[in-house]
Amino acid sequence: MGSRRRQSLEQITHRYDRLARFYNMLEPLYLIHDGARRKAVEALDLSPGETVLEIGCGTGRNLEHLLNAVSGHGSVIGLDASPGMLAEAGKLVEQRGWSNVRLLEGDAARLSIEDEVDAVLFSLSYSVLPDRRPALEAAWHQLRAGGRLVVMDVGLPDTLLGRIFRPAARLLVRIAPGDAYSRPWEDLATLAPVSSQRFLAGLYFVCSITKPLMARTVDLQGVRELLERGAQLVEVLPAQEYEELHLPAAISLPLKELDAHAAERLDRERPVIVYCWDALCDMSPRAAAWLEQLGFDAYDYALSKVDWMAHGLPMEGTGAGRPTAGSFLRDDVAICTLETPAEEIKQRIDSSPYGYALVLAERVVLGRVRRSRLQDAAVDARAAQLMEPGPSTSRPHIAPGEIAAQLKRAGTSSTILTTPEGELLGIVRASDLPHET
């Protein structure tokens with residue numbers, strides 16, 4: 001309990017295998033109190049009929065408390081990496097005749113069970129784990145939306161009592177692995193707001209978090225990463241809107257028809273990305289939350305279809321062949337950076353069909369330097385001093401007729417197309433756009 005140095009899983013398992021037959025007798029030596037176990041189970045807020053997963057179940061000292069909380073209709077899954085500890089737990093299960101307990105041997109960091117669970121408990125185990133964060137993420141993934149995850153452990157407080165116990169902690173860690181200075185609440189806080197409480201003279205703590213009911217929101221980059229993992233795309237707008245335009249390979253599951261039966265069209269083993277029209281449309285967050293309740297790993301592409309099209313990405317559907325502003329995109333505009341000197345900017349403009357150069361940071365449009373601005377520019381002038389900031393831009397999904405009307409009203413011959421992040425896509429010239437008759 002007193003060491004910050006983590007041992008490997010093999011070392012930890014070996015030590016617990018050796019201790020397994022005597023572990024229950026050693027509990028008083030480690031100040032392990034049954035009241036702490038009951039407090040941990042209370043923090044889970046279990047209901048009859050629920051399923052709870054205990055990670056690091058050891059010899060099964062929490063099983064009775066957990067079974068009492070879920071009653072005969074619920075079930076308990078105990079996971080431990082030590083065959084010796086599980087053997088002791090198995091004896092207890094057999095002696096008590098508990099038919100609704102399942103014991104599993106395995107590494108918590110590689111946890112994978114068939115169904116989601118209603119609650120997860122790390123009881124005197126989190127500080128022992130060699131790979132805490134992967135184990136926490138695996139447990140979090142296994143937990144249903146709205147379920148609770150609780151960590152109960154011994155931890156020396158920064159008080160006089162804690163300082164008194166430090167020498168003993170350093171001695172006890174030689175018998176059984178652990179870390180009395182672990183701070184699990186910091187890991188838990190990256191997932192959800194944490195409720196934390198110390199008790200029994202501050203030697204014990206219970207930390208708990210609840211998995212949000214709202215599905216996670218992803219941007220375009222997140223969508224791409226999920227698609228690489230084999231995610232499914234689902235449009236939840238009415239079917240006629242899907243038929244007209246939808247993201248490539250997306251399927252149609254209109255929100256008004258999205259019940260448990262319709263959701264069976266989806267693969268539960270793969271993430272689900274739902275989208276609607278734009279960020280102001282609430283159909284995708286509602287659909288994602290509902291799919292989470294149905295047990296899917298759901299994500300809300302909140303910016304949705306408009307964002308996808310605004311990046312100039314391909315679409316499918318009956319309207320996908322219609323031209324857009326992006327259909328007339330040109331990449332022959334002069335560009336420069338903030339530090340580009342005036343003479344070099346002039347040379348670039350003279351080599352382009354436009355009377356200006358765009359000033360970029362990476363690919364983001366910062367400003368524009370017109371040829372006229374260079375006539376009286378100092379020899380050492382740079383783009384940063386010469387540019388006009390914030391030139392008007394358009395998105396590539398806009399209809400050509402709308403772009404033509406904008407250019408006519410503004411009295412200009414071209415417009416800049418950018419992504420929603422302000423990154424340059426190119427130029428559209430009025431002379432290239434179709435003329436309405």
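The values are calculated or read from the model by the stated rules, or taken from the named source; none is laboratory data. Because the structure is a prediction, the values reported are computed rather than measured. Every residue, glycine as well, gets a Cβ built from its backbone with ideal geometry; the counts of neighbours run over all protein chains shown.
The number of residues in region 395-437 that are of a type in the set (Asp, Glu) and within 18 Å of VAL306 (Cβ to Cβ) comes to 3. Tell me yes or no: at least one residue of region 320-343 is surrounded by fewer than 13 Cβ atoms within 10 Å (Cβ to Cβ), touching a helix residue (DSSP H, G or I) at 6+ places or on another chain (Cβ under 7 Å) and within 29 Å of PRO434 (Cα to Cα). Among the residues of region 320-343, at least one is surrounded by fewer than 13 Cβ atoms within 10 Å (Cβ to Cβ), touching a helix residue (DSSP H, G or I) at 6+ places or on another chain (Cβ under 7 Å) and within 29 Å of PRO434 (Cα to Cα), which makes the answer yes.
Listed by position, the helices (runs of 4 or more DSSP H) inside region 341-437 whose residues that are within 41 Å of the chain's Cα centre (by Cα) number at least 3 are 400-410.
Pull up region 272-300, narrow it to residues that are of a type in the set (Asp, Glu), within 20 Å of PRO212 (Cα to Cα) and not in a helix (DSSP H, G or I), then point me to the one that is modelled with the highest pLDDT. Residue satisfying both the conditions and the ranking: ASP300. Selection of region 235-249 for residues being hydrophobic (A, V, I, L, M, F, W, C) and surrounded by fewer than 20 Cβ atoms within 10 Å (Cβ to Cβ) yields ALA239, ALA249.
Taken as a whole, the condition of being out of contact with any Pro (no Cβ under 8 Å at 6 or more places or on another chain) and closer than 30 Å to ILE273 by Cα applies to GLY319. The number of residues in region 41-52 being of a type in the set (A, V, I, L, M, F, W, C) and either surrounded by fewer than 15 Cβ atoms within 10 Å (Cβ to Cβ) or out of contact with any helix residue (DSSP H, G or I) (no Cβ under 8 Å at 6 or more places or on another chain) (or both) comes to 1.
Considered as a group, the residues in region 323-360 that are touching a residue at least 24 places away in the same chain (Cβ under 8 Å) and among the basic types (Lys, Arg) include one that is farthest from PRO389 (Cα to Cα), and that residue is ARG330. GLY147 fulfils the conditions (1) on the phi > 0 side of the Ramachandran plot; (2) assigned to a strand (DSSP E or B); (3) buried (at least 20 other Cβ atoms within 10 Å of the Cβ) except for a single criterion, (1).
The single condition among (1) among the acidic types (Asp, Glu); (2) part of a helix (DSSP H, G or I); (3) within 20 Å of LEU213 (Cα to Cα) that GLU269 does not satisfy is (2). ARG322 falls short on exactly one of the conditions (1) at pLDDT 95 or above; (2) out of contact with any strand residue (DSSP E or B) (no Cβ under 8 Å at 6 or more places or on another chain), and that condition is (1).
Evaluated against (1) in a loop (DSSP other than H, G, I, E, B); (2) in contact with a Lys or Arg (Cβ under 6 Å, 6 or more places away or on another chain); (3) not aliphatic (A, V, I, L, M), GLY319 falls short on exactly one condition, (2).
Here is a yes/no grid of residues against (1) among the small types (Gly, Ala, Ser); (2) in a loop (DSSP other than H, G, I, E, B); (3) surrounded by fewer than 21 Cβ atoms within 10 Å (Cβ to Cβ):
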position	(1), (2), (3)
ARG61	no, yes, yes
LEU66	no, no, no
HIS73	no, yes, yes
LEU86	no, no, no
ALA89	yes, no, no
GLU94	no, no, yes
ARG102	no, no, yes
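In region 276-305, how many residues are of a type in the set (Ser, Thr, Tyr) and either out of contact with any Asp or Glu (no Cβ under 6 Å at 6 or more places or on another chain) or surrounded by fewer than 22 Cβ atoms within 10 Å (Cβ to Cβ) (or both)? The number of residues fulfilling the criteria is 2.
Whenever a residue of region 229-242 is at negative phi, its partners that are assigned to a helix (DSSP H, G or I) and surrounded by fewer than 22 Cβ atoms within 10 Å (Cβ to Cβ), lying with C-beta atoms within less than 7 angstrom and at least six residues away or across chains, give the pairs GLU235/TYR242; VAL236/LEU255; VAL236/MET283; LEU237/MET283. Do you know which of the residues in region 117-132 that are assigned to a strand (DSSP E or B) and among the aliphatic types (A, V, I, L, M) is farthest from LYS39 (Cα to Cα)? Residue satisfying both the conditions and the ranking: VAL117. Taking ARG224 as the residue in question, decide whether it is assigned to a loop (DSSP other than H, G, I, E, B) and among the basic types (Lys, Arg). Taking the combined requirement at face value, the residue does not satisfy it.
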